[in-house]
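Visitor: This structure is in structure tokens; I'll ask about it shortly.
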Amino acid sequence: MELPIRYNSQEVEDKWYKFWEDKGFFHTEPDPKKKPFTIVIPPPNVTGILHMGHALNNTVQDIIIRFKRMQGYNALWIPGTDHAGIATQNVVEKSLAQEGLTRQDLGREKFLERVWEWKGKYGSTIIQQLKKLGASCDWNRTRFTLDDEYSEAVLETFIRLYEKGLIYRGNYIINWCPRCQTALSDEEAPYEEVEGNLYYISYPLKLTSNQQPVTRKTKESEATYIVVATTRPETMLGDTAVAVNPKDKRYKKFIGKTVILPLVNREIKIIADSIIDMDFGTGAVKVTPAHDPNDYLLGRKHKLEFINILNPDGTMNERAGKFRGLDRFECRKKVVEELEKIGLLEKVEPYRHSVGHCYRCHTIIEPYLSRQWFVRMKPLAKPAIKVVKKGKIKFFPPRWTKIYLNWMENIHDWCISRQIWWGHRLPVYYCKNCQGEKSEIENPKSEKGIMVSKIKPEKCRWCGSTDIYQDEDVLDTWFSSWLWPFATLGWPKHYNLATQKRNNELSYFYPTSVLVTAQEIIFFWVARMIMAGLEFMREIPFRHVYIHGTVRDITGKKMSKSLGNIIDPVEIIKNFGADALRFSLISITAVGQDIFLSDEKFKSGRNFGNKIWNAARFILMHSPQFKIPISQLRENDLSLADRWILSRLQKTIHSVTSALERYNLNESASILYQFFWHEFCDWYLELTKPILMKTEQLTGSHQKQKEITQAILFEILEVFLRLLHPFMPFITEEIWYKLKEKDTRLREESIMFSPWPVPEESLIDGVAEKKMNIIQEIVKGVRNICMEMDVPREKKLKLIFKSEEKGLNFLQQNRIYLEALLNIESLEFYTEIKKPRFSSSLVVEGIELYIPLEGIIDFGKERKRIAEEIKEVDDCLERIEDKLRNREFLQHAPPEIVEKEKKKRDELKQEKEKWIKHLQEIQDRD
RNA sequence: GGGCGUAUAGCUCAGUUGGUGAGAGCGCGUGCCUCACAUGCACGAGGUCUCUGGUUCAAGUCCAGAUACGCCCACCA
């Protein structure tokens, strides 16, 4: 069989993915004989395309699920997509705009048809891309948050919370995005610092009953103004009071007085409230109850009028008088201009402050008084805090625990209604006949004319009228996502809350094992899933939460389209292969740290794949049909190198497994890399070449040795492939199948079902590792000398060893390794030695080595080299001797440490003596 | 205003419960197209472990403080 010299990822990857999928290998059913291991995918937006964040997130999940599958768990990874209300609606609206249409032009029904059409067309893009990545999701179970069954679950939870009194409707200040024209939750309106201004405005006091509005500020009237400071001057149009701190001496006399609001000429009162900070601005605050959360509270407390001055699109409404129709920022300019004209603008200071932005379109949000639906969160948060405190749910890395708890303990009510069309429509119905005009309803359950129901009630519960209509709003997308871990498994259909009886799937696969996600959605999603799980399932949704970092570009900036710094994973897969993408990404993902990416970084994964490919080629080239099962080998059959590499392999199995169990994926990746490349290939393969490549007729023992070597090469490659499979699923399957052709013991239909390796304790051999280490040191030392002394590569070396009998025996037994790795003319062994001529020298573990290099060696260089060696040994020796002179150390340190130091000292002393001897010999030469 | 993270080689990061000549990959330099692999092989250079103090026989590792960068949360207009 001939393998190409370069590994071709493209062909291989598509071939195997199709094979796995056609065979249904990712699908699984409950099986009482096996332990379940479940992961639910963080559902990507249905309109999404794969970016590096997804690539990382899903690679992590795939590694874990493949690892667990091989360990024998019934591993299920549930995939799906999220309808992503606002985001998707925006995308479709954008495409409509190109036709010159708005969603209002189409109307609700027609618009939704368009979105579904869009979903049908592009909704599977990201699924296809996940497949390219190698994701072993059970695609038969793919869920969409707007599936009928899933939607049923969403409405069910709404109704249950409503029945429990945990859902209410009210008129409150919410975050309003004027572009998306919907309310947002607090989490959806992240605050960002912006450069703004602080405007100081004079409000004239009303002194006489028929006072005329100020049209020009004059010096004489200065004492009759109160100056307020604001970052949003346009909101003054909605002011209904000015507030000062009652303790503020400057303003005591103004309390209870009236001011005439400039530009609008409305009379408003000056009120006192202790929440006003006397030190900020002027200490006097304009109060706009309909457009600021604090002012809202003041408004409620002091029974002020609430004047909404904004239209939903962010333009000024009729309450803004002559500013009506202007955009809010346009209006700000105009208001400032006019105030300046009449002399009421005191000053303007540059001011950096935090402003909420829409997380979907980045427009500056407006605090906006409107009627919305809310979930009371405190009762839901309580048990969710408890389970994390008790350690039933663990965060990796653990520092997120604190962040989670801090948020949960300060949780606010959740605004869940959105004024968009794409989503789950609120299951709320109103009777036209009964419904009053009440804007605030703390308990909608008892409110006449409001009905909550999955389907439209035929007639009004109160008056029997059939004139019933449904609420226009839809629910926050996260109000459906928070049910993901159980709604994807068939809840509520097969779950009885009273008896807590579940269907098979739910009881088998829930709770899930680990949730893998990015830090950005801990509050949006993770926290809420915990609350939902406890509320609706009475059980945690997952045991572990693995939080990975954010993917950034090489300079540390977030990747975004607008910055043009995107690295497209699909492109990387095309150029380097999914295996390379996965391995590279995981290698550089330090636990919980952000990832800094550049195209360059994917080379390492590709090169590693190629290295594995070529090693496999080599082994297959020199391996006939498999003959000897490794378990049948006796200890005497094994050479030093065999025992060494087998020992190293056991340790590798152990440490890779342990790192995976701790979710230290990069650690396990680097262990595999190090073992395969720098131990197996660099040393073991090279050491075995002379045995393997002997072509002449072999005697019995030589023939047997060759077969043993072949067996071990085969075995190690096979075990390594299994260890690597979760990381690089494609190339491992490809090579594993080639091994399978030669070895009938490999029975599984895919490497993904072959057992996860377990270390064989009896093969761990510290002595062999130590001995091999000496060989390695000698080889490296000789190579080093040859390089430094410019010894030509073709020069055959004579090596002269001096050591005790034991050391010489060891060397003689293992001379084959030196011959394999160095260009040797002869090896000589002495217990005593006369001065060797023209030699360079080396000391390894008490073994002295001389390399006669007549005509080549530069004694000046050699002296320098030895002097450096001596200095290094000396430095170390000095430190140790200092320590051993230290009484405190001798008294307090554990005896074994002291012993170790003493031993070390003696060794170093010996080594030093030998070097000095070498140096003298060289000096004698001159 | 609170809270968190990070600081080790030019870059990206490892460094277990403190145990003592400081590790990897990439990059760099030198020599090699050596019969699996130039996506490779060999060798090498490169570090006051951010600073200050403390605990300890012993600190990159533990504690306190400082500095720098980054992040999150919070209703100061």
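Visitor: Can A:Lys33 be described as touching a residue at least 60 places away in the same chain (Cβ under 8 Å), of a type in the set (Lys, Arg) and open to solvent by 10 Å² or more (accessible area, probe 1.4 Å)?
Guide: no
This table checks each residue for (1) assigned to a loop (DSSP other than H, G, I, E, B); (2) modelled with pLDDT of 90 or more; (3) open to solvent by 40 Å² or more (accessible area, probe 1.4 Å); (4) within 13 Å of RNA strand B (Cβ to nearest atom).
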position: A:Asn614; (1), (2), (3), (4): no, yes, yes, yes
position: A:Ile628; (1), (2), (3), (4): yes, no, no, no
position: A:Phe680; (1), (2), (3), (4): no, yes, no, yes
position: A:Tyr684; (1), (2), (3), (4): no, yes, no, yes
position: A:Glu718; (1), (2), (3), (4): no, yes, no, no
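Visitor: Turning to a different aspect of this structure: Say we look at the stretch A:887-899 and pick out the residues that are in a helix (DSSP H, G or I) and near RNA strand B (Cβ under 7 Å from one of its atoms); which of these is surrounded by the most Cβ atoms within 10 Å (Cβ to Cβ)?
Guide: A:Phe889
Visitor: Within the stretch A:273-282, take every residue that is surrounded by fewer than 17 Cβ atoms within 10 Å (Cβ to Cβ) and of a type in the set (Asp, Glu) and give me the one that is farthest from RNA strand B (Cβ to nearest atom).
Guide: Among those residues, the one meeting the criterion is A:Asp279.
Visitor: Of all residues in the stretch A:574-595, how many are open to solvent by 10 Å² or more (accessible area, probe 1.4 Å), farther than 17 Å from A:Lys131 by Cα and either more than 9 Å from RNA strand B (Cβ to nearest atom) or not in a loop (DSSP other than H, G, I, E, B) (or both)?
Guide: Final tally of qualifying residues: 1.
Visitor: Only one of these is more than 15 Å from A:Leu665 (Cα to Cα), open to solvent by less than 50 Å² (accessible area, probe 1.4 Å) and more than 11 Å from RNA strand B (Cβ to nearest atom): A:Ser560, A:Ser598. Name it.
Guide: Checking each option against the conditions leaves just A:Ser560.
Visitor: Return a yes/no flag: does the stretch A:300-316 have any residue that is under 46 Å from the mean Cα position of the chain (by Cα), free of Cβ contacts under 8 Å to residues at least 60 places away in the same chain and within 15 Å of RNA strand B (Cβ to nearest atom).
Guide: yes
Visitor: For the stretch A:283-293, indicate whether the set of residues that are surrounded by fewer than 17 Cβ atoms within 10 Å (Cβ to Cβ) and not in a strand (DSSP E or B) is non-empty.
Guide: Yes - at least one qualifying residue is present in the stretch A:283-293.
Visitor: Considering every residue within the stretch A:885-906, establish whether at least one is closer than 20 Å to A:Lys771 by Cβ, at pLDDT 85 or above and not hydrophobic (A, V, I, L, M, F, W, C).
Guide: no
Visitor: Right, next: Out of all the residues in the stretch A:790-799, is one or more surrounded by 19 or more Cβ atoms within 10 Å (Cβ to Cβ), assigned to a loop (DSSP other than H, G, I, E, B) and within 16 Å of RNA strand B (Cβ to nearest atom)?
Guide: Looking through the stretch A:790-799, at least one residue is surrounded by 19 or more Cβ atoms within 10 Å (Cβ to Cβ), assigned to a loop (DSSP other than H, G, I, E, B) and within 16 Å of RNA strand B (Cβ to nearest atom).
Visitor: Let me ask you something else. Output yes when any residue across the stretch A:52-62 is open to solvent by less than 20 Å² (accessible area, probe 1.4 Å) and more than 30 Å from A:Ile554 (Cβ to Cβ), and no when none is.
Guide: Scanning the stretch A:52-62, I find no residue that is open to solvent by less than 20 Å² (accessible area, probe 1.4 Å) and more than 30 Å from A:Ile554 (Cβ to Cβ), so the answer is no.
Visitor: Please specify each residue of the stretch A:16-30 satisfying the condition of being surrounded by 13 or more Cβ atoms within 10 Å (Cβ to Cβ) and in a helix (DSSP H, G or I).
Guide: Scanning the stretch A:16-30 gives A:Trp16, A:Tyr17, A:Phe19, A:Trp20, A:Glu21.
Visitor: Hey, among A:Ile309, A:Ile270, which residue is surrounded by 19 or more Cβ atoms within 10 Å (Cβ to Cβ), closer than 21 Å to A:Val336 by Cα and not basic (Lys, Arg)?
Guide: It is A:Ile309.
Visitor: Then there's this: Return only the number of the condition from (1) away from RNA strand B (no atom under 14 Å from the Cβ); (2) at pLDDT 85 or above; (3) open to solvent by less than 40 Å² (accessible area, probe 1.4 Å); (4) out of contact with any Asp or Glu (no Cβ under 9 Å at 6 or more places or on another chain) that A:Leu827 does not satisfy.
Guide: In the conditions (1) away from RNA strand B (no atom under 14 Å from the Cβ); (2) at pLDDT 85 or above; (3) open to solvent by less than 40 Å² (accessible area, probe 1.4 Å); (4) out of contact with any Asp or Glu (no Cβ under 9 Å at 6 or more places or on another chain), A:Leu827 misses (4) alone.
Visitor: Looking only at the stretch A:232-250, which residues are in a loop (DSSP other than H, G, I, E, B) and either closer than 14 Å to A:Lys286 by Cα or among the charged types (D, E, K, R) (or both)?
Guide: A:Arg232, A:Asp239, A:Thr240, A:Asn245, A:Lys247, A:Asp248, A:Lys249, A:Arg250
Visitor: Within the stretch A:164-189, how many residues are of a type in the set (D, E, K, R), more than 10 Å from RNA strand B (Cβ to nearest atom), open to solvent by 10 Å² or more (accessible area, probe 1.4 Å) and touching a residue at least 12 places away in the same chain (Cβ under 8 Å)?
Guide: Result for the stretch A:164-189: 1.
Visitor: Could you list all residues from the stretch A:75-109 that are open to solvent by 60 Å² or more (accessible area, probe 1.4 Å) and either in contact with a helix residue (DSSP H, G or I) (Cβ under 9 Å, 6 or more places away or on another chain) or acidic (Asp, Glu) (or both)?
Guide: Listed by number, the residues that qualify are A:Glu99, A:Thr102, A:Gln104, A:Asp105, A:Glu109.
Visitor: Continuing with the same structure: Against the condition surrounded by fewer than 21 Cβ atoms within 10 Å (Cβ to Cβ) and more than 29 Å from the chain's Cα centre (by Cα), how does A:Gln128 come out, does it pass?
Guide: no
Visitor: A follow-up question, please. I'm trying to understand the selection: among the residues of the stretch A:653-678, which are more than 10 Å from RNA strand B (Cβ to nearest atom) and charged (D, E, K, R)?
Guide: A:Glu661
Visitor: Continuing with the same structure: Would you check if A:Gly609 is farther than 19 Å from A:Gln129 by Cβ, surrounded by fewer than 16 Cβ atoms within 10 Å (Cβ to Cβ) and over 18 Å from the mean Cα position of the chain (by Cα)?
Guide: no
Visitor: Would you be able to say whether some residue in the stretch A:190-197 is modelled with pLDDT under 95, touching a strand residue (DSSP E or B) at 6+ places or on another chain (Cβ under 8 Å) and open to solvent by less than 10 Å² (accessible area, probe 1.4 Å)?
Guide: For the stretch A:190-197, residues modelled with pLDDT under 95, touching a strand residue (DSSP E or B) at 6+ places or on another chain (Cβ under 8 Å) and open to solvent by less than 10 Å² (accessible area, probe 1.4 Å): absent.
Visitor: Next question, about the same structure. Which is surrounded by 15 or more Cβ atoms within 10 Å (Cβ to Cβ), without any contact (Cβ under 8 Å) to a residue 60 or more places away in the chain and either away from RNA strand B (no atom under 11 Å from the Cβ) or not polar (S, T, N, Q) (or both), of A:Leu380, A:Leu405?
Guide: A:Leu405
Visitor: Considering only residues that are within 26 Å of A:Lys132 (Cα to Cα), among the β-branched types (Val, Ile, Thr) and open to solvent by 10 Å² or more (accessible area, probe 1.4 Å), which ones fall in the stretch A:726-784?
Guide: Once the filter is applied, which keeps residues that are within 26 Å of A:Lys132 (Cα to Cα), among the β-branched types (Val, Ile, Thr) and open to solvent by 10 Å² or more (accessible area, probe 1.4 Å), the stretch A:726-784 yields nothing.
Visitor: Helices (runs of 4 or more DSSP H) wholly in the stretch A:44-138 with at least 3 residues that are touching a residue at least 60 places away in the same chain (Cβ under 8 Å) - which ones?
Guide: Answer list for the stretch A:44-138: A:52-70, A:85-98, A:108-122, A:125-133.
Visitor: Shifting gears a bit: Return the residues of the stretch A:317-331 that are more than 44 Å from the chain's Cα centre (by Cα) and assigned to a loop (DSSP other than H, G, I, E, B); say none if nothing qualifies.
Guide: Listed by number, the residues that qualify are A:Asn317, A:Arg324, A:Gly325.
Visitor: Condition test on A:Gln650, is it within 8 Å of RNA strand B (Cβ to nearest atom), in contact (Cβ under 8 Å) with a residue 24 or more places away in the chain and more than 27 Å from A:Thr125 (Cα to Cα)?
Guide: no
The values are calculated or read from the model by the stated rules, or taken from the named source; none is laboratory data. None of the values given here were measured: they were computed from a predicted structure. Note that we place each Cβ from the backbone using ideal geometry, even for glycine, and neighbour counts take in every protein chain shown. Heavy atoms of the whole protein, side chains included, go into the accessibility calculation; ligands, DNA and RNA do not. Shrake-Rupley method; radii C 1.70, N 1.55, O 1.52, S 1.80 Å.
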